[in-house]
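The values are calculated or read from the model by the stated rules, or taken from the named source; none is laboratory data. Owing to the predicted nature of the structure, the values given are computational and were not obtained by experimental measurement. When we count neighbours, we look across all protein chains shown, and the Cβ atoms used for this are built from the backbone with ideal geometry, even at glycine. Quick note on the areas: whole protein, heavy atoms, side chains included, nothing else; ligands and nucleic acids left out. Shrake-Rupley method; radii C 1.70, N 1.55, O 1.52, S 1.80 Å.
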Amino acid sequence: MKLPPLSPAKLKVLVVLLPLGALLLWVALRTGPMAPIPVTEVQVRQQALTPQLFGLGMVQARQLHTLGPTVAGRVQTLRVDVGDSVQAGQVLGSMDPVDLDARIRALEAAQARAQASVQEAQTRQHFAAAQLQRYAQLAQAQATSAESLHLKRQERDVAQAALAAAHQELQRTRAEVAALRTQRQHLQLIAPQAAIVTARAVEPGSTVVAGQTVLELVVPSSVWIHLRLDQSAAVGLAAGLPASIRLRSRGDAPLPGRVVRVEPHADSVTEELLAKVAFTEVPTPLPPMGE
C-alpha cells in the first residue's frame, strides 16, 4: 500500500514535533520519574552523639563604665570619641571649674589665718603656763596671794582652751581645702582601666548634672553573650560547655566560645533559661553592644 505524499505544511509540523518529542523523552529519562535514582556511599562509623542547644542572645559587657561629673557643671573638653581605645589613668575630658578655683584660694587664705591663730594661741598658752609656774613659786614663798595664783591658773586654762579651738579651726579649714581639691580632681574624666569608648553622650559646652553620663567605656575582654534558651530544651546546660556563636553582623562565620555560667533566675514570662556565654577570643573589631 502506497502512502500519499505529505504536504509541505504537514512536513513542517513533523519537523517541529519530532525534536520536541525527543527532548521530552530525554528529560523523562534523565530527571523525571523514569530517571535513575542516585546512590551515595558513606563509610559506617561509630561515635557518640552530642546534643546541641540553640538560643538567641544579645551582646553585652560585664565591665561597662559610665563616666560623668560628681557635681553639676559645664563640659569643657572631651579628648576622645566613639571607637577610641583608652588606657588606665588617661584623662579623657574635663569639666569647667567655674568658681571652684576661687573658692579654693579663699579657703587656703582662711587656712593660713587659722595657722596664724594657732601660733598666737600657742604663744599665749606658753606665756600663761610660765606665769602660772612663776606665781606658784611665789605662793610657796608666800610672796603672793592665793587669789592671784588662782587667777593665773584660770588664765592658763583659758589659753589652753583657745589653743584647742584654734587647732579645731585649722583642721576644719584643712578639711574644706582637701574636699574642694578632691572635687577639683573629680572634674577630670579619667579612664579607670584600659577600654574602648562606646558612647559620647554630650559635647563640649553642654551643661550636665551630677551623675549624668558623659562617656561610656567597655572593657573588650569582658564582652559576652546574654543567652536565652527554652527551658524545656535546656536540660544539661552547665558552665564550661563549649559554644558556637554566630553574630548577625558577621554572616554565617561561627566564633568559638564557652558557657560562663547559668543564671539562677529564669524568665517566668517567656519561660526561658538565661545564661552567659563568653568568646574564646574577642573578635576584632568589637561587636556592637546590643547586637
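With the stretch 187-291 as the region, which strands (runs of 3 or more DSSP E) entirely inside it contain at least 2 residues that are of a type outside the set (A, V, I, L, M)?
In the stretch 187-291, the matching strands (runs of 3 or more DSSP E) lie at 195-200, 223-230, 242-245, 255-262, 272-279.
Say we look at the stretch 249-276 and pick out the residues that are within 24 Å of Ser85 (Cα to Cα) and not small (Gly, Ala, Ser); which of these is most open to solvent (accessible area, probe 1.4 Å)?
Arg250
Residue under question is Ala114, and the condition is that it be in contact with a Ser or Thr (Cβ under 8 Å, 6 or more places away or on another chain) and of a type in the set (Gly, Ala, Ser); does it hold?
When the stated conditions are applied, Ala114 passes them.
Here's the yes/no breakdown for (1) over 19 Å from Thr66 (Cα atoms); (2) basic (Lys, Arg); (3) under 47 Å from the mean Cα position of the chain (by Cα); (4) open to solvent by 50 Å² or more (accessible area, probe 1.4 Å):
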site: Leu138; (1), (2), (3), (4): yes, no, no, yes
site: Gln154; (1), (2), (3), (4): yes, no, no, yes
site: Ala161; (1), (2), (3), (4): yes, no, no, yes
site: Ala164; (1), (2), (3), (4): yes, no, no, yes
site: Gln168; (1), (2), (3), (4): yes, no, yes, yes
site: Arg200; (1), (2), (3), (4): no, yes, yes, yes
site: Leu215; (1), (2), (3), (4): no, no, yes, no
site: His226; (1), (2), (3), (4): yes, no, yes, no
site: Leu229; (1), (2), (3), (4): yes, no, yes, no
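Conditions tested, residue by residue: (1) within 30 Å of Val219 (Cβ to Cβ); (2) in contact with a Leu (Cβ under 8 Å, 6 or more places away or on another chain).
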position	(1), (2)
Val39	no, no
Val42	no, no
Leu53	yes, yes
Val59	yes, yes
Arg62	yes, no
Val75	yes, no
Asp81	yes, no
Gly89	yes, no
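Return the pairs, sorted by first residue and then second, in which the second residue is part of a strand (DSSP E or B), the first residue lies in the stretch 194-210 and is aromatic (Phe, Trp, Tyr), the beta carbons are less than 7 Å apart, and the residues are 6+ apart or on different chains.
No pair meets every condition.
If Ala88 passes every condition in (1) in a loop (DSSP other than H, G, I, E, B); (2) touching a residue at least 40 places away in the same chain (Cβ under 8 Å); (3) in contact with a Gly (Cβ under 8 Å, 6 or more places away or on another chain) but one, which one does it miss?
The number of the failed condition is (3).
Any idea which of Ala129, Ala194 is more than 22 Å from Asp96 (Cβ to Cβ) and in contact with a helix residue (DSSP H, G or I) (Cβ under 7 Å, 6 or more places away or on another chain)?
Among Ala129, Ala194, only Ala129 is more than 22 Å from Asp96 (Cβ to Cβ) and in contact with a helix residue (DSSP H, G or I) (Cβ under 7 Å, 6 or more places away or on another chain).
If you check Gly290 against the conditions, is it open to solvent by 50 Å² or more (accessible area, probe 1.4 Å) and not acidic (Asp, Glu)?
No; evaluated as a whole, the condition is false for this residue.
Looking for whichever is basic (Lys, Arg), at pLDDT below 75 and surrounded by 10 or more Cβ atoms within 10 Å (Cβ to Cβ) here; the options are Lys2, Lys10. Which one fits?
Lys10
Restricting to the stretch 20-71, and then to whatever is part of a loop (DSSP other than H, G, I, E, B), at pLDDT 80 or above and within 30 Å of Gln188 (Cα to Cα), can you tell me which residue is least open to solvent (accessible area, probe 1.4 Å)?
Pro69
Given (1) under 25 Å from Ala210 (Cβ atoms); (2) touching a residue at least 12 places away in the same chain (Cβ under 8 Å); (3) of a type in the set (Val, Ile, Thr); (4) part of a helix (DSSP H, G or I), identify the lone condition not met by Val98.
Result: Val98 passes all but (4).
Of all residues in the stretch 59-116 being closer than 30 Å to Arg261 by Cβ and hydroxyl-bearing (Ser, Thr, Tyr), which is farthest from the chain's Cα centre (by Cα)?
Ser85
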